[in-house]
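To keep things clear, I will list the structure first and then write my remarks on it.
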Amino acid sequence: MKPFMKTVAAPAVLAMLTLAGTGCVTQNEADAWRNKYRSAEETVLDLRAQLEEKDGELALLRGRTNPNAAMADQIAALEAERDALQQSLNDAQAALRNAAGSPLPAVLTSELEQLAAQNPDLMTFDPDTGMIRFRSDVTFALGSATVSDDAQGLLRQLAGVLNSPAASGYEVRIVGHTDNVPVRNATNVRKYEDNWGLSAFRAIGVMRVLDRAGVPASRMSVAGYGQHQPVAANGPRGSEANRRVELYLVPSSGGAAAPQPDAAPGAVVPMDNPEEPEAPAMFK
């Protein structure tokens, strides 16, 4: 099983951002950043798949009865291979973070810093990377994907910043994470299935609040990575640091469609969705 919507949004891609404070990048520079990110992302996903396969092999060997010396040697060899894969994955994830880019425009950075300073219990902002982080423990109730009233108020304020001229050229990618404590409550298992589902639904919950606050749906995407992108070691009760929702601002990737007659000069207008044939009733 792979991370939820892994091709839709990515947790470490940030901004290919301002040149000399202008907020503009050339098409070649934007393409270079995207290619750099895609390469790093593909490496991470491939290594994660290999790691999951190695974990499966180890689980099968450890579950066998009557272990012998040859089996113990095989387990030790597999554990060494797994440790090497884990280190490679850690390195690849660091490379993915390094593919992010440079800080956001000064005006936008200042607004986000001020918002975080006013709400330190709910939100942090890293001016060096442009990442906005919400703590799940105060953004949601335990095992819930419903955004708390306090967090909804802050997200509405954030929506005002995201709708400002300084942020208008950026898409918003919302990424949910959990710790390694599995979803056990029967009701939550039915709702979310596992940590992947919970993290994805929490990202969607944040997106819904921003949508109601006026952030265009066309500028937002969501992803859920469950417990698979930890930022701290998990203990017996997981880790508060790993239970989080992160937002990344990414320069909008406009298509080649011509502007509509009412569009401002130089504006990029997304193409209309192609009409699909009517589906038979049985598939609705």
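Figures for the structure shown
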item: Any hit, the stretch 58-66, residues being surrounded by 14 or more Cβ atoms within 10 Å (Cβ to Cβ) and modelled with pLDDT of 75 or more; result: yes
item: Qualifying residue in the stretch 49-65 (condition: closer than 20 Å to Gln229 by Cα, part of a helix (DSSP H, G or I) and aliphatic (A, V, I, L, M)); result: yes
item: Tabulated pairs, the stretch 84-106, first modelled with pLDDT of 70 or more, second of a type in the set (Ser, Thr, Tyr) and in a helix (DSSP H, G or I), C-beta under 7 angstrom, 6+ apart or interchain; result: Ala92/Thr43
item: Elements of type strands (runs of 3 or more DSSP E) in the stretch 107-221, at least 1 residues being at pLDDT 90 or above and basic (Lys, Arg); result: 131-135, 170-177
item: Candidates Val172, Val206 - the one that is over 14 Å from Gly224 (Cβ atoms) and touching a residue at least 60 places away in the same chain (Cβ under 8 Å); result: Val172
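The values are calculated or read from the model by the stated rules, or taken from the named source; none is laboratory data. Owing to the predicted nature of the structure, the values given are computational and were not obtained by experimental measurement. Counting neighbours? That spans all protein chains shown, and the Cβs are built from the backbone with ideal geometry, glycine included.
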